[in-house]
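K.L.:
One structure, as structure tokens, below. Some questions next.
Just so it is clear, none of the values below were taken in a lab; they were calculated from the coordinates. Keep in mind the model is a prediction, meaning the values are calculated, not measured. Ideal geometry is used to build each Cβ from the backbone, glycine not excepted, and the neighbour counts take in all protein chains shown.
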């Protein structure tokens, strides 16, 4: 096991009806800005439920945080929050809203252009406190300290991490996910699956617990993902998916082990240049990445084949092939296509994708820093 | 899944050499009281290493916290801490030292007799901040908010929990466990195993992740426990055991599921009246408890038989029997006997044990509150 530091202070309020408990988690007298995305939290009544819980606070609203939240939109929220002297933020939505709210929280007290926090890794030394009400299990943002922000003007999609950006609390009410469109449910399952893969499918580090936990989360996604699509109002299924997606990226399974994240980096460029959903990009890139990196990942791929897919018989290389095929088929069973061509993207798109990676400095990715631009190109080609 | 609230703010510094990092975790200028047990942390040099890391602090020492830490001893530390105006505690040792330090932390600012925090559930509203350097993986106290304290004068062994009693940080350096006596290593494995069992072997609650995590921890103990005895200086093995014992009781696998803890309550009386090590009591009680409660625990026992012991064939009742036998044999393989008679305790001891349970109000234990005094007696008899 590698040395690690682990701390995750986010308070999780899990279960049906927990929105009613949020007032006790916010400092009395706070001026609260509720942030959200499109109209779904309005239509489903979740926003009204949140506002009812906050009836003793001064509340402002900022709507319109988009999937792959943009700097351009978020800076409008920053202006509103500064103007109204907001001192607590409450994100109501999925990972994009929560990621965007993390940016707002750090940007409000930031001196200078907040984009520097991402592009120039400028130090984040203060942030406004915030909580979240999660409506879409997928990214894990509700219990971690990271965010990914897109700048439309320059086609950049960049991540930042800071310990000031853990939510103070997050409400996980599985019943709030009953009405999600199937595409979002499926995307969430794929997103969580690939988060786990990035922390698990690397090389052995004598970290038995982290491996078992990762495998347990993957098995749960494989069992519950398709059921969530078939039985959208099955509370137990939704509860398992919701807690799995949170634990997939809260620092626990990644503590003390090597991590990859090359699939995410290649995926980000697909979203920026072609507008694919984040999870769609992961479904496209991961199987190809595993194939291209199969020698480096051999031991863990064999373990994955056995413990996650039950493949114990026959030639080792064939088991690895089969595990990658099963991974692809699992994504496709959720109606998430896994080929660039399925999204109308031809091979001529690959050179510009690789050029974007180069521009973003993504020239030595993966747990061994061995995914250079040539390998990245191979991955895109294999995903064609 | 049941509704739950989960928050665990303890910062874990894991790995070889991490004692050197503790100074940064303690407020500058703090007056620090180092608490420890017998001479082992002196002999091994761990205490010197801690003091070297604290060279810029005013440091006091309190030695002599015993296994099953007593009110009587701990109140001496409280007096010292009050006299010297200590404002940070640092426990160096195993679960007993950390539990004892939690009591000291809460007792220092307590008005009245601190024993009331346990015996009368008096409100704990303040506590001195503290950290820990763990030298014995077993109880999980290094990352939870609970403690068990014994009062010698009245033969009481009682638990208390409070969110102010999470350590600010805990150092987990696996190499510090190389020199542990085999008996303590074995006890630690049994203790962690039974902590998991108390949260896992109850009844199904549609909590797939918690089940998978619990199973992953049990499998790791089964693989690594015997190896730690055979290869005491195998760092990877010690690291896996250490992280497993911490995760066995940090709130994670118990969130959203029913919990039992009857085995612990019956075990406490064995320690108080007969002086058995805590883990020895658990090794004696658990197999008998599973047998007596086998109807209530049937579904989970079958799952345990399959996923932890690989028992998939044959009659269900036989599989349950076999799983209980395997549990017992596992404890015995670690040289921890599982019968009262192995410790020289005869059947005449049972009535006084049951009387103690009655005196402590332990008359409706277990996840269904169905372990009454008659059942408790049955358990002790079966363990004879």
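K.L.:
Alpha carbon centre of segment A:1-38 versus segment B:353-384: separation in Å?
P.N.:
First find each Cα centre; the distance between them is then 40 Å.
K.L.:
Here's another thing I want to ask about it. So how do B:168-174, A:375-381, B:47-53 stack up, highest first, on mean other-Cβ count within 10 Å?
P.N.:
On the way: B:168-174: 24.4, A:375-381: 20.6, B:47-53: 17.1.
In decreasing order of mean packing, B:168-174, A:375-381, B:47-53 become B:168-174, A:375-381, B:47-53.
K.L.:
Once you sort the root eigenvalues of the Cα gyration tensor of segment A:110-164 as a ≥ b ≥ c, which label holds: rounded (a/c under 1.5), prolate (a/b larger than b/c) or oblate (the other case)?
P.N.:
Working: a/c = 2.25, a/b = 1.30, b/c = 1.72.
Because a/c hits 1.5 or more and a/b fails to exceed b/c, segment A:110-164 counts as oblate.
K.L.:
Looking only at other chains, what is the average number of their beta-carbon atoms within 10 angstrom of each beta-carbon in B:249-262?
P.N.:
1
K.L.:
Hey, what number do you get for chain B at 222 nm if only DSSP H runs of n ≥ 4 count, each worth -39500 (n - 2.57), divided across all residues, to the nearest 500?
P.N.:
Details: 14 runs with 173 residues, N = 384.
Taking each H run of at least 4 residues, the total per residue is -14000 deg cm²/dmol.
K.L.:
For the pair residue A:63/residue B:369, report the inter-label distance in nm, with labels modelled 7 Å from Cα in the Cβ direction.
P.N.:
Spacing of the two 7 Å Cα→Cβ label points: 4.7 nm.
K.L.:
Which whole-number percent is the relative contact order of segment B:10-67 (Cα, under 8 Å, 6+ apart)?
P.N.:
Details: 53 pairs, mean separation 27.0, N = 58.
Once normalised by length, the contact order is 47 percent.
K.L.:
Tell me the relative contact order for chain A as a rounded percent, counting alpha carbon contacts under 8 Å between residues six or more apart.
P.N.:
After rounding, I find 16 percent.
K.L.:
Separate question: Would you please put A:129-142, B:318-331 in order of how densely packed they are, using the mean number of other Cβ atoms within 10 angstrom per residue and starting with the highest? Don't skip to the end; give the middle numbers.
P.N.:
On the way: A:129-142: 26.6, B:318-331: 18.8.
With the highest mean Cβ count within 10 Å placed first, the list reads A:129-142, B:318-331.
K.L.:
Using 0.36 nm per residue, how much length does the chain from residue B:44 to residue B:126 gain when fully extended, once their Cα-Cα distance is taken away?
P.N.:
Working: separation 82, 0.36 × 82 = 29.52 nm, distance 3.41 nm.
Additional length available on full extension: 26.1 nm.
K.L.:
Shifting gears a bit: Rounded, prolate or oblate, given the Cα gyration tensor of chain A, with a/c below 1.5 counting as rounded?
P.N.:
Cα axes put chain A in the prolate bin.
K.L.:
Averaged across the residues of B:276-287, what count of C-beta atoms belonging to other chains lies within 10 Å of each residue's C-beta?
P.N.:
Working: counts 0, 0, 0, 0, 0, 0, 0, 0, 0, 0, 0, 0.
For this peptide, the per-residue mean of nearby foreign Cβ atoms is 0.
K.L.:
Nearest 5 is fine: what % of DSSP beta bridges in the protein assembly as shown come out antiparallel, could you say? Don't skip to the answer; put the middle values down first.
P.N.:
Numbers: 21 of 65 bridges.
Beta bridges within the protein assembly as shown, antiparallel portion: roughly 30 percent.
K.L.:
Relative to the first principal axis of the alpha-carbon coordinates of chain A, what is the inclination of helix A:208-230, with its axis defined by its Cα atoms, in degrees from 0 to 90 and to the nearest 10?
P.N.:
80
K.L.:
Let me ask something else about it. Give the peptides B:218-231, B:274-287 in descending order of average Cβ contacts within 10 Å, highest first.
P.N.:
Sorting B:218-231, B:274-287 by mean packing, highest first, produces B:274-287, B:218-231.
K.L.:
Give me the angle, in degrees from 0 to 90, between the Cα long axis of helix B:235-247 and the longest principal axis of the Cα atoms of chain B, rounded to the nearest 10.
P.N.:
It works out to around 80 degrees.
K.L.:
On to the next question. With the contact rule set at Cα under 8 Å and sequence spacing of 6 or more, what percent relative contact order holds for segment B:182-382? Walk me through the numbers on the way to the answer.
P.N.:
Values: 247 pairs, mean separation 53.1, N = 201.
The normalised contact order for segment B:182-382 reaches 26 percent.
K.L.:
Shifting gears a bit: By how many degrees, 0 to 90 and rounded to 10, does the Cα axis of helix B:182-200 deviate from the longest principal axis of chain B?
P.N.:
Long axis of B:182-200 versus the principal axis of chain B: about 60 degrees.
K.L.:
I've got another one for you. Suppose R0 equals 56 Å. What FRET efficiency, 1/(1 + (r/R0)^6) with r the Cβ-Cβ distance, do residue A:206 and residue A:52 give to the nearest 0.05?
P.N.:
Details: r = 50 Å, r/R0 = 0.90.
The pair residue A:206/residue A:52 has a calculated efficiency of 0.65.
K.L.:
With each pseudo-label sitting 7 Å past Cα toward Cβ, what's the residue B:322-residue A:163 distance in nm, one decimal?
P.N.:
4.9
K.L.:
Another question, then. By its C-alpha gyration tensor, with a ≥ b ≥ c as the square roots of the eigenvalues, how is segment A:181-382 shaped: rounded for a/c under 1.5, else prolate for a/b larger than b/c, else oblate? Please report the intermediate quantities before stating the final value.
P.N.:
Working: a/c = 1.56, a/b = 1.17, b/c = 1.33.
Here segment A:181-382 falls in the oblate category.
K.L.:
Further question: Kindly work out what percent of the DSSP beta bridges joining two residues of segment A:11-176 are antiparallel, to the nearest 5. List each step's numbers first, then the result.
P.N.:
On the way: 6 of 28 bridges.
For segment A:11-176, the DSSP antiparallel bridge percentage is about 20.
K.L.:
Run through the other copies and list how far each one's label point is from that of residue B:116, in nm with one decimal, shortest first; the point sits 7 Å from Cα along Cα-Cβ.
P.N.:
5.6
K.L.:
How far, in whole Å, is the closest Cβ of chain B from the axis that maps B onto A, and which residue does it belong to?
P.N.:
Axis relating chain B to chain A; nearest Cβ residue and distance: B:9, 2.
K.L.:
If you count, for every residue in A:232-239, the Cβ atoms of partner chains within 10 Å of its Cβ, what is the mean?
P.N.:
Details: counts 0, 0, 1, 2, 6, 2, 1, 9.
Across A:232-239, the average partner-chain Cβ count within 10 Å equals 3.
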